[in-house]
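Down below is the structure, laid out as structure tokens.
The values are calculated or read from the model by the stated rules, or taken from the named source; none is laboratory data. Keep in mind the model is a prediction, meaning the values are calculated, not measured. All Cβ positions, glycine included, derive from the backbone under ideal geometry; neighbour counts span all protein chains shown.
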Amino acid sequence: MNSRRQFLKAVGLAGGAVAASLVNRVAMAALPEPVIQTKPETMPPLIPNQGRPYNPVVTLNGWTLPWRMKNGVKEFHLVAEPVVREMAPSFKAHLWGYNGQSPGPTIEVVEGDRVRIFVTNKLPEHTSIHWHGQRLPNGMDGVSGLTQPPILPGKTFVYEFIARRPGTFMYHPHADEMVQMAMGMMGSWVTHPRDKHPLIAEVDRDFIFLMNAYDIEPGSFTPKIMTMLDFNLWSWNSRIFPGIDSLNVRQNDKVRIRIGNLTMTNHPMHLHGHEFLVTGSDGGPTPPSSRFYEVTADVAVGQMRQIEFVADEEGDWAFHCHKSHHTMNAMSHDVATLIGVDQRELARKITNLIPDYMVMGERGMADMAAMEMPIPDNTAPMMTGDGPFGSVEMGGMFSVVKVRRNQQPGNYSDPGWYKHPPGTSAYEFAGAPTEPARMQSKMQQGMPRLHKPSTEVEVTVRKPKSTHH
Amino acid sequence: MNWARFAAGITLLSIVALSGCARVEIDKSIDRINKDAADFTEGKLILAQNLDQRKALESMAAELLAKPLSQSDAVQLALVNSPALQAMLAANWSKLADAAQTGRITNPVFSFERLVLGDELELTRLLSFNLLDLLTLPQRYGLAQHRIEEAQLRLTIEVVDLISQIRLAWVNVLAAQQNRNYAEQVFEAAEVSSRLAREMQRVGNFSKLQRVRQQVFYSDAATHLARAEQETLSSREQLIRLLGLSASQAEELLLPKMLPTLPENPRTPQEISKAANQGRLDIKLAEAELQAAAKAQGLNQITSLTDIELGIRQEKRSTRNAGSSISGSGYDIGVQLPVFDWGDMLRAGMNADTLAAVNRLEATVSAAGSELRESYSEYRTAYDVSKHYRDEVLPLSRIISEENVLRYNGMLTGVFDLLAETREQIRTVMAAISAQKQFWLADAALHAAVIGHPKMLEQSL
Ligand SMILES: [Cu+2]
């Protein structure tokens, strides 16, 4: 026990992580004791106290795996196993992951490090790990059947290679890959540059997360492994809003966010209030000539993007995927549009049949977030999130970059809601609104339709008459 | 033979025959039905034979009609109210009387002739009666007993039949009412969908096709509702007819809103076989028939040999002149001899009756077991199915409904799907009611089967 505590101390283990013996002690004698994470919160960066120094990353709602040095080799121990991942408060998923969570812990090494990774399989089926994007001997690439036999349940395999290229990588199974990734098996890898690198900037805060998608029937726990398109949960590190921690930075910090996409679709990542540069992909740093400022960067399937910006504007800045259905939690795509449909009279009739029926949607969907009605067990509401001005009405891939003047360096804790200086927040106009001028088109149709429709459809726009309710 | 003595003898004979014959009293017969079919009449079968009795029955009927009619109330109401039942009792009274008649000597015919031929006066007094009747009186008496027994049993079966039909009709109308109410709910759910869809199209959120699709459910539901309404009406009218309600009584008729709940436990086979052993009407009847046939056979052997028509003719001749009269008296006996061998045929026929009766009894006895088994199995299956609906299907349906509302709340399903699901869940409830109805029908059929009136089983299916 004593040695374990020393070990934990030595690796500067973050809160919530525990060392656990999963495999027979004798058999494990030569293995580093696996470290298991029990909490889904963002853990403080793992400051290295062995090996070459580097500026560690912060894994959003995740953690970095401690290692041990053995004869100059960094040894990690990944345990592939079923886990229970809290994806949002009061919503847990039965996933497969590594060392207690999905995704697995981030592995951080330094360019030129010799790395030895023990992979123990506690899954009911065989697995392997592919070190996505890395330069390594072909036999270490982790493609089951192609470059190695699969790791059978109960077995431990050893991967060993030199981290040759600095950059941001991912790891994931390459055995029954579709199922194992649908179940949440993946993790991030950062190889820090050995020396100052002309294309890799030094930053004050370095965040990393993977995007993943699940299809979990509301009220159930396990992802449907055969879903390929109709995912209902769009997550960052197997968390969905409001379960995703905010990215808390000090004003004028140089911030890097490394984003990997292991879903089956692209995600245009959008940051409010700042312009950023895409400084690298999993192929390495981008040449400066290719960099230009933008506020949205698309991360395609299987890609990794690093964005960098100076957080010089104080405030709570939304940061999200710009596909609006990716900032929603589980919902139906077949719900009829009821906007403008007066249901009041019918509601009484429906209530005779369905006593708990509530009218929703005749003004839009925002009612739903406001009403907070009971929904199936173990389900995150489609749109929710309690902000300082009401419901944020979001879900899925949404978080906030909180920029604060007094956020201390090295402090990643949540500073709370931004206090807007007087006169800098949108406010309700108190005067009488005047009728705005409306554009009258004088245009003739350049190329008219060959046959006019027999009846002209009259479209009327309904404007809200009153908002009192 | 002295006339006076002769006459006295005849009179005596008649008195013996009449007083000793199987006299039938309808009240006794009804008491017997109340006893034999206590499970059905609950001792309340009455034939109103005078105005007071009729009045009493009418007030009992009014009392029963004042509140929702339970199944046993319905039976009671029929017993006190149904003119058809009263007619049936009265008709059977006469049938019983007919049966009793076979145990009596045909009423003697007495005729008096006065013939004046010149100065000769001839007085002929004729007292004529069927001698064979007289000779076979003990035998006939026994036969009549059996015929009365038969008629009695047939009447009991008719009463059981009527009461069973009332029980079935009562179950049918209650189930039809409930079914109608749920059909109305399905209709309402479809109507809401349809109206919502129309509104959706009006504001531009639905295409014509989408709206029409919703409207189809509505039209379909309307058809079902109309059919369910008709079903309710016709089952109610059937009950009204069986209860013999007048138009004004029919208007007053109130029925419970729901079928009775399933009993805690079903009747056990032990209970049933014990009850069935108490005396099944069909076996008793077959026995009575055999007894009668056997008696009849014994009797008819004689008849077929010599079908004797016996007339007693007393002649008195007197000559006024002589101041004396010659009276001569004698028997005028006419014997009808079989011309053809039809006596043998008759004899063979009678034998066949007995044989048929023997076989019928045997068939009845063996069928009784089978019918009881089938009826009980029907009852038990209906119980188990209904219980399954109550304990398994309906709770599941309730959970589906609750979860659907939660899913609706979470925008995981829309209002049209919610309403469609609601229609589905209501249909499940209707299936449960149908199962409950089937149980109560089977229950009524089993009651009838136990007492020996198994044909109710077919009507209940
Ligand atoms: Cu997206």
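Any residue in the range A:349-357 that is at pLDDT below 85, more than 8 Å from chain B (Cβ to nearest Cβ), out of contact with any strand residue (DSSP E or B) (no Cβ under 9 Å at 6 or more places or on another chain) and over 30 Å from A:P415 (Cβ atoms)?
Yes, there is a match, as at least one residue in the range A:349-357 is at pLDDT below 85, more than 8 Å from chain B (Cβ to nearest Cβ), out of contact with any strand residue (DSSP E or B) (no Cβ under 9 Å at 6 or more places or on another chain) and over 30 Å from A:P415 (Cβ atoms).
Which residues, counting only those in the range A:120-139, are without any contact (Cβ under 8 Å) to a residue 60 or more places away in the chain, outside any loop (DSSP other than H, G, I, E, B) and over 25 Å from A:Y54 (Cα atoms)? Walk me through it before giving the result.
Going through the range A:120-139, the residues without any contact (Cβ under 8 Å) to a residue 60 or more places away in the chain turn out to be A:121, A:123-131, A:134-139.
Filter once more, keeping what is outside any loop (DSSP other than H, G, I, E, B): A:121, A:127, A:130-131, A:138-139.
A:N121, A:T127, A:N138, A:G139, listed by residue number.
Please work out which residue is nearest to B:R211 (Cα to Cα), limiting yourself to the range A:320-334 and to residues that are of a type in the set (S, T, Y) and within 16 Å of the ligand (Cβ to nearest atom). Quick ask: steps written out before the conclusion?
To start, the set of residues in the range A:320-334 that are of a type in the set (S, T, Y) comprises A:324, A:327, A:332.
From what's left, within 16 Å of the ligand (Cβ to nearest atom): A:324, A:327.
On the way: A:S324: 28, A:T327: 31 Å.
Per the criteria, the residue is A:S324.
Answer yes or no: is there a residue in the range A:280-292 that is within 16 Å of the ligand (Cβ to nearest atom), more than 14 Å from every other protein chain (Cβ to nearest Cβ), buried (at least 19 other Cβ atoms within 10 Å of the Cβ) and not charged (D, E, K, R).
First, pick out the residues of the range A:280-292 that are within 16 Å of the ligand (Cβ to nearest atom): none.
No, the range A:280-292 contains no residue that is within 16 Å of the ligand (Cβ to nearest atom), more than 14 Å from every other protein chain (Cβ to nearest Cβ), buried (at least 19 other Cβ atoms within 10 Å of the Cβ) and not charged (D, E, K, R).
Quick one: which residue in A:V35, A:V73 is buried (at least 23 other Cβ atoms within 10 Å of the Cβ) and among the β-branched types (V, I, T)?
Values: A:V73 fails: buried (at least 23 other Cβ atoms within 10 Å of the Cβ).
From the options A:V35, A:V73, the qualifying one is A:V35.
Identify, from the list A:A300, A:A311, the residue that is among the hydrophobic types (A, V, I, L, M, F, W, C) and within 14 Å of the ligand (Cβ to nearest atom).
Working: A:A311 fails: within 14 Å of the ligand (Cβ to nearest atom).
Every option except A:A300 fails the conditions.
It is to be established whether one or more residues within the range A:190-198 are of a type in the set (A, V, I, L, M, F, W, C), surrounded by fewer than 24 Cβ atoms within 10 Å (Cβ to Cβ) and closer than 30 Å to A:G51 by Cα. Lay out the reasoning, then the answer.
Within the range A:190-198, the first condition is being of a type in the set (A, V, I, L, M, F, W, C), and the residues that meet it are A:190.
From what is left, the residues that are surrounded by fewer than 24 Cβ atoms within 10 Å (Cβ to Cβ) are A:190.
Now drop any that are not closer than 30 Å to A:G51 by Cα, which leaves A:190.
Yes, some residue in the range A:190-198 is of a type in the set (A, V, I, L, M, F, W, C), surrounded by fewer than 24 Cβ atoms within 10 Å (Cβ to Cβ) and closer than 30 Å to A:G51 by Cα.
Is there a residue in the range A:256-267 that is surrounded by fewer than 15 Cβ atoms within 10 Å (Cβ to Cβ), away from the ligand (no atom under 16 Å from the Cβ) and at pLDDT 95 or above?
no
For the range A:185-210, which residues satisfy the criterion of being in a strand (DSSP E or B) and either without any contact (Cβ under 8 Å) to a residue 12 or more places away in the chain or among the polar types (S, T, N, Q) (or both)?
Once the filter is applied, which keeps residues that are in a strand (DSSP E or B) and either without any contact (Cβ under 8 Å) to a residue 12 or more places away in the chain or among the polar types (S, T, N, Q) (or both), the range A:185-210 yields A:S188, A:T191.
Would you please name the residue that is nearest to the other protein chains (Cβ to nearest Cβ), looking only at residues in the range A:174-215 that are of a type in the set (A, V, I, L, M, F, W, C) and within 16 Å of the ligand (Cβ to nearest atom)?
Ranking the candidates gives A:A213 first.
Please list, ordered by residue number, the helices (runs of 4 or more DSSP H) wholly in the range B:131-249 having 1 or more residues that are of a type in the set (A, V, I, L, M) and buried (at least 23 other Cβ atoms within 10 Å of the Cβ).
Details: elements: B:131-135, B:137-203, B:208-243.
Ranges flagged: B:137-203, B:208-243.
Does A:M211 satisfy the condition of being modelled with pLDDT of 95 or more, within 23 Å of A:L123 (Cα to Cα) and within 19 Å of the chain's Cα centre (by Cα)?
On the way: modelled with pLDDT of 95 or more: yes; within 23 Å of A:L123 (Cα to Cα): yes; within 19 Å of the chain's Cα centre (by Cα): yes.
Judged against the criteria, A:M211 is a match.
A:A330 fails exactly one of the following numbered conditions: (1) of a type in the set (A, V, I, L, M, F, W, C); (2) crowded, with 19+ Cβ neighbours inside 10 Å; (3) under 21 Å from A:Q251 (Cα atoms). What is the number of that condition?
If we test A:A330 against (1) of a type in the set (A, V, I, L, M, F, W, C); (2) crowded, with 19+ Cβ neighbours inside 10 Å; (3) under 21 Å from A:Q251 (Cα atoms), just (3) comes out false.
What single numbered condition from (1) within 13 Å of the ligand (Cβ to nearest atom); (2) farther than 21 Å from B:L406 by Cα fails to hold for A:W317?
Result: A:W317 fails condition (1) only.
Just checking, how many residues over the range A:309-342 are within 12 Å of chain B (Cβ to nearest Cβ) and in contact with a Lys or Arg (Cβ under 6 Å, 6 or more places away or on another chain)?
Result for the range A:309-342: 1.
Please work out if A:Q306 is away from the ligand (no atom under 12 Å from the Cβ) and more than 14 Å from chain B (Cβ to nearest Cβ). Walk me through it before giving the result.
Working: away from the ligand (no atom under 12 Å from the Cβ): yes; more than 14 Å from chain B (Cβ to nearest Cβ): yes.
So A:Q306 passes the test.
A:A380 - would you say it is more than 8 Å from chain B (Cβ to nearest Cβ), within 25 Å of the chain's Cα centre (by Cα), away from the ligand (no atom under 16 Å from the Cβ) and within 26 Å of A:P268 (Cα to Cα)? Before the answer, list the steps.
Details: more than 8 Å from chain B (Cβ to nearest Cβ): yes; within 25 Å of the chain's Cα centre (by Cα): yes; away from the ligand (no atom under 16 Å from the Cβ): yes; within 26 Å of A:P268 (Cα to Cα): yes.
Spelling it out, A:A380 is indeed more than 8 Å from chain B (Cβ to nearest Cβ), within 25 Å of the chain's Cα centre (by Cα), away from the ligand (no atom under 16 Å from the Cβ) and within 26 Å of A:P268 (Cα to Cα).
Being more than 9 Å from chain B (Cβ to nearest Cβ), at pLDDT below 80 and closer than 25 Å to B:V186 by Cα is the requirement here; does A:E345 meet it? Lay out the reasoning, then the answer.
Working: more than 9 Å from chain B (Cβ to nearest Cβ): no; at pLDDT below 80: yes; closer than 25 Å to B:V186 by Cα: yes.
The answer is no for A:E345.
Kindly list the number of the only condition in (1) away from the ligand (no atom under 12 Å from the Cβ); (2) crowded, with 17+ Cβ neighbours inside 10 Å; (3) among the β-branched types (V, I, T) that fails for A:T337.
Evaluating A:T337 over (1) away from the ligand (no atom under 12 Å from the Cβ); (2) crowded, with 17+ Cβ neighbours inside 10 Å; (3) among the β-branched types (V, I, T) leaves (2) as the failure.
Identify, by number, the condition in (1) away from the ligand (no atom under 16 Å from the Cβ); (2) among the aromatic types (F, W, Y); (3) touching a residue at least 40 places away in the same chain (Cβ under 8 Å) that A:F276 doesn't meet.
Against the list (1) away from the ligand (no atom under 16 Å from the Cβ); (2) among the aromatic types (F, W, Y); (3) touching a residue at least 40 places away in the same chain (Cβ under 8 Å), A:F276 comes up short only on (3).
For the range A:236-254, check the following and say yes or no: at least one residue is at pLDDT below 95, buried (at least 23 other Cβ atoms within 10 Å of the Cβ) and within 16 Å of the ligand (Cβ to nearest atom).
yes
In the range B:181-202, what residues are over 11 Å from B:F416 (Cβ atoms), within 7 Å of chain A (Cβ to nearest Cβ) and over 49 Å from the mean Cα position of the chain (by Cα)?
Hits for the range B:181-202 are B:R195, B:E199.
If we scan the range B:423-436, do we find a residue that is in contact (Cβ under 8 Å) with a residue 24 or more places away in the chain and within 30 Å of B:D282 (Cα to Cα)?
yes
If you check A:M358, A:M365, which single one turns out to be more than 16 Å from the ligand (Cβ to nearest atom), closer than 15 Å to B:V405 by Cα and of a type outside the set (K, R)?
The match here is A:M358.
Residues in the range B:409-422: is at least one in a helix (DSSP H, G or I), of a type in the set (V, I, T), in contact (Cβ under 8 Å) with a residue 24 or more places away in the chain and within 14 Å of chain A (Cβ to nearest Cβ)? If you could, list the steps in order and put the result at the bottom.
Let us first name the residues in the range B:409-422 that are in a helix (DSSP H, G or I), namely B:409, B:415-422.
Next, only the ones that are of a type in the set (V, I, T) stay: B:415, B:422.
From what is left, the residues that are in contact (Cβ under 8 Å) with a residue 24 or more places away in the chain are B:415, B:422.
The next check asks that each one be within 14 Å of chain A (Cβ to nearest Cβ); those that pass are B:415, B:422.
Within the range B:409-422, one or more residues are in a helix (DSSP H, G or I), of a type in the set (V, I, T), in contact (Cβ under 8 Å) with a residue 24 or more places away in the chain and within 14 Å of chain A (Cβ to nearest Cβ).
With the condition kept exactly as written, say whether any residue in the range A:216-231 is within 16 Å of the ligand (Cβ to nearest atom), modelled with pLDDT of 95 or more and crowded, with 22+ Cβ neighbours inside 10 Å.
So far as the range A:216-231 goes, no, none of its residues is within 16 Å of the ligand (Cβ to nearest atom), modelled with pLDDT of 95 or more and crowded, with 22+ Cβ neighbours inside 10 Å.
Report yes if B:L457 is away from chain A (no Cβ under 14 Å) and either at pLDDT below 95 or over 28 Å from B:W170 (Cβ atoms) (or both), otherwise no. So that I can check it myself, show each step before the final result.
Working: away from chain A (no Cβ under 14 Å): yes; either at pLDDT below 95 or over 28 Å from B:W170 (Cβ atoms) (or both): yes.
Judged against the criteria, B:L457 is a match.
Taking A:G396 and the conditions (1) away from the ligand (no atom under 16 Å from the Cβ); (2) of a type in the set (G, A, S); (3) modelled with pLDDT of 90 or more, which numbered condition does it fall short on, given that it satisfies the others?
(1)
How many residues are buried (at least 23 other Cβ atoms within 10 Å of the Cβ) and in contact with a Lys or Arg (Cβ under 6 Å, 6 or more places away or on another chain) if we restrict to the range B:399-443?
Selection size over the range B:399-443: 0.
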